[in-house]
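Note sheet for the following structure.
Please treat every number below as a calculation from the coordinates, not as lab data. Remember, predicted model here, so these are calculated numbers, not experimental data. Here the Cβ positions follow ideal geometry from the backbone for every residue, glycine too, while neighbour counts run over all protein chains shown.
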Amino acid sequence: MILFELVTFMKSIIKSFSLFFLPFAAFAANGFDSPDAQVRVRDAMKLAPSGAVEMKGVIGDSLDTSLKGDILVWDIDDLVRPFRTRHEERAWQTEFWGKWYTSAELAYDFNPSPALDKRLKYAAAELIKTQDSEGSITTYKKDHEFKFNETGGLGNEYGSWDLWGRKYVLLGLLNEYARTSDSKVLEAAKKHADYIIKHVGPGKREIVQIGCWYGLASSSILEPMVLLYRATADKKYLDFCEWIVKSWETNPVKPDLVNKAIKGVTVFDMFQHPDTKEDLNNYMSYGHSKAYEMMSCYEGLTELYRVTGNPVYREAVEKVMASIRDREITVLGSGAMHERWSDGAFEQQRVNPYWMETCVTATWIKFATQLLRLTGDPVFANDIETTAYNSMLGAQKHDGSWWAHYNTMSGVRKAAPEQCKMHMNCCVASGPRGLFLLPKLAYMTDSEGVVVNFYEKGGATMPVGDGSVDISVSGVDFAENNTARISIDGLKGGEAKFVLKLRIPEWSKNTLVILNGKKLPTPQPGKYLSIDRTFKNGDEIFVNFDVKTRVLADPKNPKFYVLKHGPYVLALDRRFDKKFDIPAKPKIKDGVVSGSLVNTKDANIAIDVEMEDGSTRRFIDYASAGATWGKDSEFKIWLEK
């Protein structure tokens, strides 16, 4: 019976495969450019099709852990319950369903299964049952909906998170519509959005004065409203989006995100700074440049650029991305202290337990993915690689059941606290949203052919011309094996002409690439190597990466440095280092340290690094450090010359 159900399910997937290429699916989980009239700007790259990618390496293990420990077992009824009771006045229960749902949609996109299909349909159906006759879906009491706040919700008054949560409801519903083309789901999404527009807009409630953080939280609903316009072609949704952006400039609260970005104002300087940088413990005094919510708004602006072609929007997005990359992102691939931008790239020696919120980490991956799609620039894939192998993987608990709220430079990993009187936390809900995006950008396509960004064991079936190609990768682990073997197969008629672009990591300074036994010219680090030819079934490419344990200096205080092996930032962990409390002094020559790789089940990478005195100290990758979430695995990454 089980086998019959599985076969029936897979037949239905094959029958409806074209659904994944419908205009709406273009902007939801799949990220493809849409052929519909609502899109004026085509992305340079498209994410992998649904179910196309297989990953069996370190990232693949983390995906499997999250799937089994979270996505397939989470209590869906508990997520829906607050929408039935509607008792909330100022907290954020309203975001949890949508965050979990969009994570689960991405998980399904990576690994379609009857079980997850059933859970997703159930979760959507149960949420829609809570929609009232006016179209509202919320966890808030009627008299607390869209609560107005003259100051933008700063100070100790958090304001309302109602509209912020409605954003996640809308994102979840739109993702389900993209997956299934169920018109009932789209209708629910439209009614939900129409209820919002009925109460928020010109001459009604001002969006930047609903909720908190200068309206960044509430106005980040821009993203799903643009996507709803793409799904329906109803101009009222586009008009609402343009009004949101105009409000940033004209409302007295004036977040002014577009003009500030174009003028080159850094994200740290966009809003009030903390009173002093030494004030590390008072959450509300640590400035107003809320990182997660701000990036969410710029994600929406990126989507608005796609449908309008307004070059001002693109300029703003690209400049704010540059500001974040240059001034905020740390060696671990994430940023922010106390959830705020803090000029963090130049504050990495600051001992702070509130570094790099997981919500920020996941949203940084999402924002960088937007720019990778839009521009095709490999710099964003390089950024995502660092984030993925360090901050992202390090935040998830070993069994996938929970996440850390913050990712510190040193200390002990701590479980995120439960929030809003629920068994849930914003970062627990956000983490998988970044994690399950990784397979979709491991392999991409552009107008010329296929792009390979990650080299984990596995592969993908990608569209080329009027057919497809099977790309199989033996995978690298950056320990015992530093060579990826890429095999080509599945070409219709045995051959096809296209360009295969291989991302050469910026840390691989001297990469060797061999195609069918012939050495290719040495590629440039941090760029794509384009192989333009008529590929044939059986073609093989060997990519040998230059993996050394290199010294990476702090940009502000160069006497401090970390060790980085391939994409991995290395750490000392009390479990493996008997001299943990004694400063480590590795022997450095030409910016590289020597060491011996060690096999251990407790780390992705373990290296016995040679010290100046001839002894060795064991370093492991940051993501594996602190894995017990206890004092026995206290860790640190920074060393001092």
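For the range 614-623, take each phi angle, set θ = phi - 60°, evaluate the Karplus expression 6.51 cos²θ - 1.76 cosθ + 1.60, and give the result in whole Hz per residue in order, putting x for glycine and proline.
Per residue, the Karplus-derived 3J(HN,Hα) values read x, 7, 10, 10, 8, 10, 10, 5, 4, 5 Hz.
For the range 154-233, what is the charge dipole size about the Cα centre, in debye to the nearest 20, if Lys and Arg each add +1 at the Cβ and Asp and Glu each add -1 at the Cβ?
So the dipole magnitude of the range 154-233 works out to roughly 200 debye.
What are the lysines whose alpha-carbon lies under 29 Å from the alpha-carbon of LYS536, with same-chain residues fewer than 8 places away excluded?
Within the straight-line limit of under 29 Å, LYS536 reaches these lysines: LYS15, LYS46, LYS56, LYS440, LYS457, LYS492, LYS497, LYS501, LYS518, LYS519, LYS527.
Name the residue farthest towards the positive end of the dipole of the chain from the options LEU371, GLY465, GLY434, assuming +1 on Cβ of Lys and Arg, -1 on Cβ of Asp and Glu, about the Cα centre.
Value computed over the given set: GLY465.
Can you give the Rg and Dmax of the range 79-199 based on its C-alpha atoms, in angstrom?
Spelled out, the Cα radius of gyration and Dmax of the range 79-199 are 14.8, 48 Å.
So who's got an amide H within less than 5 Å of the one on VAL200, skipping anything under 5 residues away but keeping other chains? H placed 1.01 Å off N, in plane.
Result for VAL200 returns ARG205.
What is the distance in Å between the Cα centres of the range 101-154 and the range 557-592?
Cα centroid to Cα centroid, the span is 44 Å.
Which one of SER160, LEU186, TRP402 is farthest out on the positive end of the charge dipole of the range 21-444, using unit charges on Cβ (Lys, Arg +1; Asp, Glu -1) and the Cα centre as origin?
In the range 21-444, that residue is LEU186.
Residue-wise, which Karplus ³J(HN,Hα) couplings in Hz belong to the range 203-217, taking 6.51 cos²θ - 1.76 cosθ + 1.60, θ = phi - 60°, and x for glycine or proline?
Couplings: x, 10, 7, 7, 5, 6, 10, 9, x, 9, 6, 6, x, 4, 4 Hz.
How large is the dipole of the chain about the Cα centre if only Lys and Arg carry +1 and Asp and Glu carry -1, each at its Cβ, rounded to the nearest 20 debye?
In debye, rounded to 20, the chain gives about 400.
Along the range 173-180, what does the Karplus equation 6.51 cos²θ - 1.76 cosθ + 1.60 (θ = phi - 60°) give for ³J(HN,Hα), rounded to whole Hz, x for Gly and Pro?
My calculation for the range 173-180 gives 5, 5, 5, 5, 5, 4, 6, 10 Hz in order.
Translational diffusion coefficient of the chain at 25 °C, 0.890 mPa s, Stokes-Einstein with Kirkwood Rh over Cα pairs, in µm²/s as a whole number.
Result for D is 97 µm²/s.
Taking the Cα centre as origin and putting +1 on Lys and Arg beta-carbons and -1 on Asp and Glu beta-carbons, what dipole magnitude results for the range 555-641, to the nearest 20 debye?
180 debye
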